[in-house]
Every structure is written in C-alpha cells, then in structure tokens.
Amino acid sequence: MSHRLGSCVLVLLLLGTSSLEAQSVWTGPPEHADRVSVEWLKPVFDDGGTASFLTSSLLVSGTVTASDRLMIVGELPVSYTRTEAVNAFGETQTTSSTTVGNPYLGIELRGRSAPFFLELGGRVPTVDDPAFFSSVVGTLTDLNRLGTYAVDQVPVQLIGNYHYTPSSSVSVRLRGGPEAFFPAGERAPTGAMVLTYGAQAWYRGTSLGAGLGVTGRWRTTAVDADFREASLHQLSASLRYTVGRFRPGLLVRVPVEEALRDVLPIIAGITMTVDLSGTEEK
C-alpha cells in the first residue's frame, strides 16, 4: 500500500477507537423483524492500482425478535486484502491476508408503537494479531465500525434512535449516543469516550427504496484537539429492490474529510437482506 494510506491509518488511530454499529443503518429503514444481512464493501483506493478487485470487507449480521419490545443483534466481520506490486527486478509480488474481526452482540429495546428505540451492545475482543492490510481495509470501508479490528479493547455503546414516518413511503431516522472503550489487555490504549451520531432520509416505494444521509463520530476525550480535528464523517447513499423476502441493494459511501478522500475517494458496496419473519417494514 502507499505511504499515504499508512498516514491515513495513523490519523484514524489517533482519533481513537470506534463506533460499534452492528445492525447496519444502510441496509434499509429500521424494522422489528427477524432477518439476515450481508454487506460486501469495496474500497477504491488511490494507490496506483496495486489493490486487487477482491480487496474488500464482508459483514454478516442478523436480528432475532425476542418479543415485541426486544431484539437480539449480532454481527461477524471479515476483511480480505490482495495487493500486487512490481519489485526492482521486474517481478510481480503478490501479498494477501484475511482477518476475522471482533464479533458484535447487542440488543434493541423499543416500545410497542413509540418511534424511539435504544441500541445497547458491545464487541468481544477476539482479534489478537490482525493482519495489517486487511484490518486497514475493514477499518476504512465503514468509519462507524472502526473498532471492528481493535486489539485488547471492549467497547460498549448506548445509542438512541428516533424513527419518524410522516407517510407510508417516507421516513427519517436520527441516532446518537455515547460509546465507552475499556482496556482489556497489555496492548490496549487508555479508555476513551466517543459520541456517534447520524441522520438519514428513506424513501420506500412498492418495490424500490432509497436512502441518503450522513454518519459521524467525535472522540470527546481527545487531548488538544477541537471538534474538527477529533471527528470523522461519511456521506452514504443506498438503493435497494424488494423481491419477496429478498432485498438486494447498492451502496455508495464518500468520506467527508479531505485527508481520507485523498486516499479513499469512494466505497462501493452490494447488500442483501433476507426477511425471515415475513413482516412488513416498520
């Protein structure tokens, strides 16, 4: 990878650990239903073409309805990197690595009809010695999941959500709340507090749906750094189609901060959600 990519990763590490979001906010509007989602996120690096097409991040998540007020949420992330470069002797050298990230486990609590609900959960620190390149790819494809490949840390989140539906085809989602990071080993940094937040607008037609919004994170415990220096943001747009229980979709994501855009101008993704309960979106 290029020197600029390495510098970008250092910026991310200095800004702190991560957001925990597991049930992706970009596979569709929030719904209280049993479902499984797969996201394949492909970063387009400005690295002279050394990263192969298969360099990407894969996330498998699911929700199980425990009751009309409680859902159980889980996620397993995997990242793969393959790079090719020509050495001084004119030989092509190939390097590849795969890293399985820290799994997420959490719950969602909501009222029977209220538009408010809470996300509570954390990541289990199973990553011991992640491969550098693959963990970088998994980190940069979704800034809301920076802790996916963190080592010796236990992040815990409490995120509030407001899902407003002024009509059957339009909805707005606001979310935000604190995340605390607790050291869990010798290599862990000191504890930190991060504020995660975002806003979305969704359109849902008979078969076609679309979403647009911004997500961000601000490390409130950053020392000698103002909001601009200690925060990261991404713009995302989503398009999906409903065919029975299947909801395939496309995702495009652009970093807001110029330091990230210079290295990673765009992230493209393919999503697939399968509704296991047969319920309509709420």
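What follows draws every value from the coordinates through simple rules; no lab data is involved. Since the model is a prediction, treat every value here as computed from it, not as a measurement. So basically every Cβ, Gly included, is an ideal-geometry build from the backbone, and we count neighbours across all protein chains shown.
For the stretch 225-280, the fraction of C-alpha pairs farther apart than 16 angstrom is 59 percent.
Between Asp128 and Val64, the modelled labels are 2.7 nm apart [label points 7 Å from Cα along Cα→Cβ]. If you run the Gaussian network model on the chain, springs between alpha carbon atoms under 10 Å, then out of Ser134, Ser168, Ser236 the most flexible one is Ser168.
Normalised by 2.2 N^0.38 Å, where N counts its residues, the alpha-carbon radius of gyration of the stretch 3-275 equals 1.00. Simple point charges give the picture: +1 on the Cβ of Lys and Arg, -1 on the Cβ of Asp and Glu, and for the chain a dipole about the Cα centre of about 820 debye. Stretching Ile72 away from Thr165 to a fully extended chain increases their span by 31.1 nm, per 0.36 nm per residue minus the current alpha-carbon distance.
Under the combined filter of DSSP loop state and at most 12 neighbouring Cβ atoms within 10 Å, the stretch 25-63 retains these chymotrypsin sites (Phe, Trp or Tyr not before Pro): Phe53.
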